[in-house]
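Asks: Sharing a structure, written as structure tokens. Questions coming.
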Amino acid sequence: MISDKVNLALKVASKAHRNQTRKGTDIPYIAHPVAVAMIISEYTTDENTVVAGILHDILEDVKPTVYSETDMRNDFGDEIVKIVKDVSEDKTAGEPEKPWIERKRGYLAHLDSVEDERSLIVSTADKIHNLTDILEEYERVGDSIWQKFNASKDDELWFYNEFLKIVEKKQIPEQIKIDLTSLVNRLKDLVRQR
């Protein structure tokens with residue numbers, strides 16, 4: 001049974017991401033936050049963590065005129081907003097974007113200071129889904145997959161490797177670390193094939 005809060009999060013995310021697709025595909029973007037929530041549910045039963053997983057990309061990828069931090073706070077409360085902000089890059093949809101490397105370094109530096117297990121689980125589940133998609137798509141299209149990213153495959157590997165280093169020292173379920181490590185190792189093998 002889906003709770004009222006999870007149901008509301010699904011409705012909000014569906015509306016907020018309505019006109020978005022996964023990068024370089026025609027897959028509706030909502031598939032990503034739903035998948036992240038499903039991954040989260042493998043490691044915790046905490047409802048707020050699952051809800052934050054559904055909402056995790058809204059503050060960075062959706063214009064505030066569509067759905068703002070204030071809207072999220074009114075609908076879901078401070079705790080969920082804090083988790084979403086913990087896992088959001090320093091950008092706002094519709095505003096000029098910082099260079100990829102600058103955003104990723106800032107994200108990693110912030111994540112290194114995060115101690116909230118819920119935020120760390122959401123962020124790790126997000127990376128697990130992204131890596132799963134990358135690896136599956138690579139099987140279909142090969143090296144052409146890297147053309148859709150704002151960074152080279154070496155930079156992508158750098159980011160996921162650094163992310164893994166941070167997660168390994170955090171207090172989160174061991175299985176999520178194992179699952180992430182497996183995917184990062186598969187990415188390393190892929191990138192090193194050249």
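The values are calculated or read from the model by the stated rules, or taken from the named source; none is laboratory data. From a predicted model like this one, the values you see are computed outputs, not experimental measurements. Here the Cβ positions follow ideal geometry from the backbone for every residue, glycine too, while neighbour counts run over all protein chains shown.
Asks: Is it the case, given these coordinates, that Asp75 is part of a helix (DSSP H, G or I) and within 23 Å of Lys15 (Cα to Cα)? Don't jump to the end; show me each part of the working.
Replies: Numbers: part of a helix (DSSP H, G or I): yes; within 23 Å of Lys15 (Cα to Cα): yes.
Judged against the criteria, Asp75 is a match.
Asks: Does Val62 satisfy the condition of being of a type in the set (Val, Ile, Thr) and at pLDDT 95 or above?
Replies: no
Quick grid of which residues meet (1) under 17 Å from the mean Cα position of the chain (by Cα); (2) under 13 Å from Val122 (Cβ atoms):
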| site | (1), (2) |
| --- | --- |
| Ile27 | yes, no |
| Ile30 | yes, no |
| Val34 | yes, no |
| Ile40 | yes, yes |
| Asp46 | no, yes |
| Leu55 | yes, yes |
| Ile58 | yes, yes |
| Val62 | yes, no |
| Tyr67 | no, no |
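Asks: Would you be able to say whether some residue in region 24-40 is on the phi > 0 side of the Ramachandran plot and in contact with a Lys or Arg (Cβ under 6 Å, 6 or more places away or on another chain)?
Replies: The answer is yes, given that some residue of region 24-40 is on the phi > 0 side of the Ramachandran plot and in contact with a Lys or Arg (Cβ under 6 Å, 6 or more places away or on another chain).
Quick grid of which residues meet (1) in a helix (DSSP H, G or I); (2) in contact (Cβ under 8 Å) with a residue 40 or more places away in the chain; (3) exposed (fewer than 15 other Cβ atoms within 10 Å of the Cβ); (4) not polar (S, T, N, Q):
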site	(1), (2), (3), (4)
Thr44	no, yes, no, no
Glu60	yes, no, no, yes
Val84	yes, no, no, yes
Asp90	no, no, yes, yes
Gly106	yes, no, yes, yes
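Asks: Follow-up. Can you confirm whether Asp155 is more than 18 Å from Glu42 (Cβ to Cβ) and either without any contact (Cβ under 8 Å) to a residue 24 or more places away in the chain or among the polar types (S, T, N, Q) (or both)?
Replies: Answer is no for this residue.
Asks: Taking the residues in region 1-28 that are part of a helix (DSSP H, G or I) and small (Gly, Ala, Ser) as candidates, determine which candidate is surrounded by the most Cβ atoms within 10 Å (Cβ to Cβ).
Replies: Narrowing region 1-28 to residues part of a helix (DSSP H, G or I): 4-16.
Then keep just the ones that are small (Gly, Ala, Ser); that gives 9, 13-14, 16.
Working: Ala9: 28, Ala13: 25, Ser14: 15, Ala16: 24.
Per the stated criteria, the residue is Ala9.
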